[in-house]
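Reviewing the structure listed below.
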Amino acid sequence: MFQPDVKLAFLNGELQKEVYVQQPPGYELKGEKDKVNILYKALYGLKQAPRAWNHKIDLYLHQNGFSRSQSEPSLYIKKKGEDFLMVCLYVDNLIYAGTSKNMVAEFKTTMMKEFKISDLGLMRYFLGIQVKQSPGKIFISQEKYVTDLLKKFHMSKCKPVTSPMAANEKLLQDDGAAKIDSKYFRSLVGSLIYLTNSRPDILYSVNIISRFMENPSKLHLEAA
C-alpha cells in the first residue's frame, strides 16, 4: 500500500459556479477598490474548494479506467484481466495498492504528470492509523492516536486496567449527578468510537456511554 501526497490539492479544483472575492489587500486597482475579482480556480478557505477538488480527482480517475464503488464512495477500482488496482480517497489524502507492479507504477507516473505529487513510499500513517508493512503482512494499530487521546483528556498518568468497564455497572440517564459540558463529552466518546477500528474489545463499553451524549453527567464522564 502506497501513499502519495498531492501538494496543495484544493488548488487543483475548477469551480463550476461563479464565485467572487474582494480584491486582496495591496493589490487593489486604483480608483476601482469597490470592484471584486472573479475566481476561476479554487482557493484554500473557500467553501467550494473541497467539492471542486473531489470533482476534479473523480473525473480524472474515471477517465483513466477506474470505477467507483457503490458501497464505499471513497474507493475506486481499476481491473485489467485478473489484476486490479485500488485507490482510496479521503478529502485530499490518497492511498493505493494493487496486485500488479506495472499497474502501480503506471498509476504513479500518470498521477505525477497530472498533479504535483510527493512520493511518500509505503503507507505508514493514515487518518490516525499506523501501518507497518512487511512481505505478506500488514499490521495496523492506533498507538499514536491513543497517546494523543490520553494527553488531550488529561489521562496520561492514569493507571491502566485489564477490562474496559466495571462488571455489572449500570448507568442511568437521570442519576442525580452534576451535569457536565456535553460538547466535551461528545468529543471524548467520538474519539473512542474511532478507536474501535483497532480495538474491538472496547466496542461494547463505548456503545454504553454513547447513549448519554445528549445530557451527560459527571458519572457518565467518569465511566468514559
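Direction-averaged shadow area of the convex hull around the Cα atoms of segment 1-54, nm²?
The number I arrive at for segment 1-54 is 4.8 nm².
Go through (i) -0.66, -1.06, -1.21; (ii) -0.75, -0.97, -1.04; (iii) -0.90, -1.06, -1.11 and flag the label whose value is the computed log10 I(q)/I(0) by the Debye sum over Cα atoms at q = 0.12, 0.15, 0.16 Å⁻¹ for this structure.
So the calculated entry is the one marked (iii).
Given the pairs 17/108; 116/144; 101/137, which are separated by over 20 angstrom at their Cα positions?
In this structure, 17/108; 116/144 exceed 20 Å between Cα atoms.
Extent of segment 17-113 along each principal axis, from alpha carbon coordinates, in Å, largest to smallest?
Cα extents, longest axis first: 65, 28, 19 Å.
Within segment 98-207, which GluC sites (Glu not before Pro) sit in a loop by DSSP and count at most 11 neighbouring Cβ atoms inside 10 Å?
169
I'd like the Karplus ³J(HN,Hα) series for segment 62-77: coefficients 6.51, -1.76, 1.60, θ = phi - 60°, whole numbers in Hz, and an x wherever there's a Gly or Pro.
Karplus-based 3J(HN,Hα) across segment 62-77 equals 5, 5, 9, x, 8, 10, 8, 5, 6, 8, 9, x, 8, 10, 10, 10 Hz.
Report, in debye and to the nearest 20, how large the dipole of the chain comes out about its Cα centre when Lys and Arg carry +1 and Asp and Glu carry -1 on their Cβ.
Result for the chain is approximately 360 debye, rounded to the nearest 20.
At what distance in angstrom do the alpha carbon centres of segment 1-28 and segment 94-173 lie from each other?
28 Å
What is the Cα convex hull volume of segment 143-223 when expressed per residue in Å³?
Measuring per residue, one finds 101 Å³ for the Cα hull of segment 143-223.
For a quick check of your reading of the filter: which trypsin sites (Lys or Arg not before Pro) in segment 22-62 sit in a DSSP loop and have no more than 11 other Cβ atoms within 10 Å?
Those satisfying the criteria are 30, 33, 35, 47.
Each value in this text was obtained by applying a stated rule to the coordinates, not by laboratory testing. As the structure is a prediction and not an experimental result, all values here were calculated from the model. Don't worry about glycine lacking a Cβ; one is built from the backbone with ideal geometry, like all the others, and counts go over all protein chains shown.
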